[in-house]
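Below is one structure, written out as structure tokens; the observations come after it.
The values are calculated or read from the model by the stated rules, or taken from the named source; none is laboratory data. Note that the coordinates shown come from a computational prediction; the quantities given were computed from them, not determined experimentally. Glycine gets a Cβ as well: all are built from the backbone with ideal geometry, and neighbour counts include every protein chain shown.
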Amino acid sequence: MEDAAREVEQVVRAALAHIRPAAAGLDADADLAGEAGLDSVEVMDMVMAIEDRLDLSIPVETLSEAHTIRGLCTGILGLMQSRTP
Amino acid sequence: MRGNPRVSETQEENTAVLEPTALREGPTATASGIPLRSADFATLAEALDYAATGDSGFNFYDGRGALTASLPYRELRARAVELARRLAPLGRGQRLALVADTHPDFAVMLYACQYAGLVPVPLPAAVHLGGREVYIRHLRKMMRDCEAVAAFAPPGFIGFLREATDGLPLTLSGTMDEFMALDAADELPAPPSADELAYLQYTSGSTRFPRGTMITQAAVMANLKAIFNHGFQLGDDDRFCSWLPYYHDMGLVGIVLGCVATQRSVDYLPTRDFAMRPRLWLTLISRNRCTVSFSPPFGYTLCARRLRSGDAEALDLSAWRVAGVGAEMIHPESLERFAELLAPAGFKASSFLPCYGMAECSLAVSFAPLERGASSDWVDIDALSREGVAHPLAAADAGQRKAFINCGVPLPGYEVEIRDEAGRALPERHCGRIFLRGPSLMSGYFANEEASREVLSADGWLDTGDLGYAVDGALHITGRAKDLMIIKGRNIWPQDLEHLAEQQPEVRPTDSSAFSITDGDDEEMAVLVVQTRETDASKLALLADRLQEKIHAEFGIQCLIELVVPHTLPRTSSGKLSRSSARKEFVERRRHDADESPTCFITDETLFRPLARAAAPELALSVGS
């Protein structure tokens, strides 16, 4: 379980770094959109990178609840667990 | 697994609804098998009645380009009629709110409303990262504004809808399955007549004060008929492809309603998937040999940016004969770049079809001539900003020039007048406010007489709020008289940004001014200048930070924020803040390197890297207002 959590956070940070290198080290509880300075197209870029790496589709509901890196990771972990048989 | 039955249940419901269509082998055919009729119907229901006798229809694709469902018009009609018997008891003329996600159920609900005599109200299906609360508030506001009696959302949005309708006096707020479970009336009510409302569409208006344009059957049919007989004509080989959201006029009226009214097959890519993988749009066009596809200029720019080497060679866009461009200011450079990159795929720049329109006119006002591409009128910037006259200026002439796109002459039956500030009609090449009269104008904004009176005169003229000039009757749009900003395809009202700023404890009412500037790349960028008595640098940084965060959550954009001392913002003689003067002074301050001024604190690259470019000194004022 902890491995999965670590992997998700790594993927999320890598996706973020790809779009906004300076934001890679952002605090897990910092406001993601505001502090990382992503516009809506960049957010979709990041989501795509995460979806491709983890091979899953992140529903709008999950994104709408993700204010921070931690929040986004929790949401993604929940999705991964729900599809594990 | 524990905690998940709800999720799998939703998925099952979803599959059950789509099953009959999802099993079909491929997308609907391009050839409808029936004689093409170009939107010559009295109502939307009548248009579907005819389309349902052929083989064409809607096709839905996912983010990997796989067909997830196809909905032939025959089946769309059958399902819509079946559902209409359950909707009819909600009451004729009542509003049914529909979260307009790109999903077959939306199309069924939209047409079921037509057969049931209800007025569908498409609502946005777009949420920002971390924007749940904001989105729910917007949905709720619109549902209250249109006095909806029921509300629908496809499975992916039902959670938002349920929360947004909590406590509202609705008969039902649910998915397709829940609506289908309503008691059915024995027979269908009489079909809507031409003077009844066809739909109510929220304009890109302010998020605090949404405005729903009331469009009658006669109005929308008149516009569709003009578009597909005079804007561009269709043939049996024509097939559409679209990623445009169903809650915008171009996607809803032009594509969803337009394709049914002309019996054309469409391949739909959800807007969200387009935003993630813009190249998929081109892949679908190539694979299905689509001939017609529209986009705001922004979509072409996004595609051009994402193309990788070798992409163009793998695509065949030679069938794409109408590449419509509209919905925001068109900058020729972005189109040129797109055409250049995709020439190896057989894309022809002459396919670009610039057009001009607005939801208040149902959709379209004018189209440029077909097969000529986007043609630019080069004018003297100086003369335009000083005298308001668009003097042609050749490249060899001295002076700075700027190109405006020819958006064509108004469709037959429509009159356009360009007026000065005193309301007098202006001659050709004189820039002024665009007024419009014609058969497809809205009846007004729903339950908002004041706003309706502001834009619609007693003798039937609509104040479009746009600025432009005419050359041989062809419209050239130069900007907006109203203060609407369009940032990366998103409509933002300055008063909404100002309102947000003034909610902060450090900011008093009328202490902020929002406007947009055009950066070095000709892209529009939002600016918010805020007066505050706070002087502590770290507290100022916190305020800028907080504003940035809130603006992002609410509007999904980046905004350049400038904090200034009181009495910096210019006021008119009557004491009102002037956004245009505020903008002028802002640009001046930036030219004089405001970073060194002790009275001014601005978000810049040291704080917000993405803004580094906008903070560069090559800021240019956009011309026209």
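The single condition among (1) out of contact with any helix residue (DSSP H, G or I) (no Cβ under 7 Å at 6 or more places or on another chain); (2) at pLDDT 80 or above; (3) not in a helix (DSSP H, G or I) that B:I517 does not satisfy is (1). Pairing residues of segment B:256-278 that are within 14 Å of chain A (Cβ to nearest Cβ) with residues that are assigned to a loop (DSSP other than H, G, I, E, B) and basic (K, R), at Cβ distances under 9 Å and at least 6 apart in sequence or on separate chains, gives B:L269/B:R277; B:D273/B:R64; B:R277/B:R64. Which residue is modelled with the lowest pLDDT, if the candidates are limited to segment A:37-63 and must be within 15 Å of A:A17 (Cα to Cα), buried (at least 17 other Cβ atoms within 10 Å of the Cβ) and more than 9 Å from chain B (Cβ to nearest Cβ)? Ranking the qualifying residues of segment A:37-63, first place goes to A:A49.
Yes/no matrix, rows are residues, columns are (1) of a type in the set (A, V, I, L, M); (2) in a loop (DSSP other than H, G, I, E, B); (3) in contact with a strand residue (DSSP E or B) (Cβ under 7 Å, 6 or more places away or on another chain):
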| site | (1), (2), (3) |
| --- | --- |
| B:S385 | no, no, no |
| B:D397 | no, yes, no |
| B:I405 | yes, no, yes |
| B:G408 | no, yes, yes |
| B:G413 | no, yes, no |
| B:E421 | no, yes, no |
| B:P427 | no, yes, no |
| B:L436 | yes, no, yes |
| B:S440 | no, yes, no |
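The residues on offer are B:R24, B:R6, B:R37, and the sole one that is assigned to a loop (DSSP other than H, G, I, E, B) and at pLDDT below 95 is B:R24.
Exactly one residue out of B:D536, B:D519 is acidic (D, E) and within 14 Å of another protein chain (Cβ to nearest Cβ): that is B:D519.
Do the conditions hold for B:F338, that is, is it within 14 Å of another protein chain (Cβ to nearest Cβ) and farther than 16 Å from B:L234 by Cβ? No: the conditions fail for B:F338. If you go through segment B:308-321 one residue at a time, do you hit one that is surrounded by fewer than 20 Cβ atoms within 10 Å (Cβ to Cβ), at positive phi and either assigned to a helix (DSSP H, G or I) or not assigned by TED's automatic domain parsing to the domain that holds B:T30 (or both)? Looking for residues that are surrounded by fewer than 20 Cβ atoms within 10 Å (Cβ to Cβ), at positive phi and either assigned to a helix (DSSP H, G or I) or not assigned by TED's automatic domain parsing to the domain that holds B:T30 (or both), one finds at least one in segment B:308-321, hence yes. Test of understanding: among A:A17, A:A33, A:A66, which residue is more than 9 Å from the chain's Cα centre (by Cα) and either at the interface with chain B (Cβ under 7 Å from one of its Cβ atoms) or not in a helix (DSSP H, G or I) (or both)? Result of the check over A:A17, A:A33, A:A66: A:A33. Considering (1) crowded, with 20+ Cβ neighbours inside 10 Å; (2) not in a loop (DSSP other than H, G, I, E, B); (3) not charged (D, E, K, R), the lone condition that B:S538 does not fulfil carries the number (1).
Of the helices (runs of 4 or more DSSP H) contained entirely in segment B:85-196, those carrying at least 2 residues that are buried (at least 16 other Cβ atoms within 10 Å of the Cβ) and more than 14 Å from every other protein chain (Cβ to nearest Cβ) fall at B:104-116, B:132-145, B:176-180.
The residues of segment B:247-298 that are among the polar types (S, T, N, Q), part of a loop (DSSP other than H, G, I, E, B) and surrounded by fewer than 24 Cβ atoms within 10 Å (Cβ to Cβ) amount to a single one, B:T291. Look through B:A181, B:A151 and report the one residue that is more than 30 Å from B:H128 (Cβ to Cβ), in the same structural domain as B:R86 (by TED's automatic domain parsing), aliphatic (A, V, I, L, M) and in contact with a Gly (Cβ under 9 Å, 6 or more places away or on another chain). Answer to the check: B:A181. One residue is enough: does segment A:74-85 have a residue meeting the conditions buried (at least 19 other Cβ atoms within 10 Å of the Cβ), closer than 28 Å to B:G65 by Cβ and facing chain B (nearest Cβ under 7 Å)? No, segment A:74-85 has no match at all.
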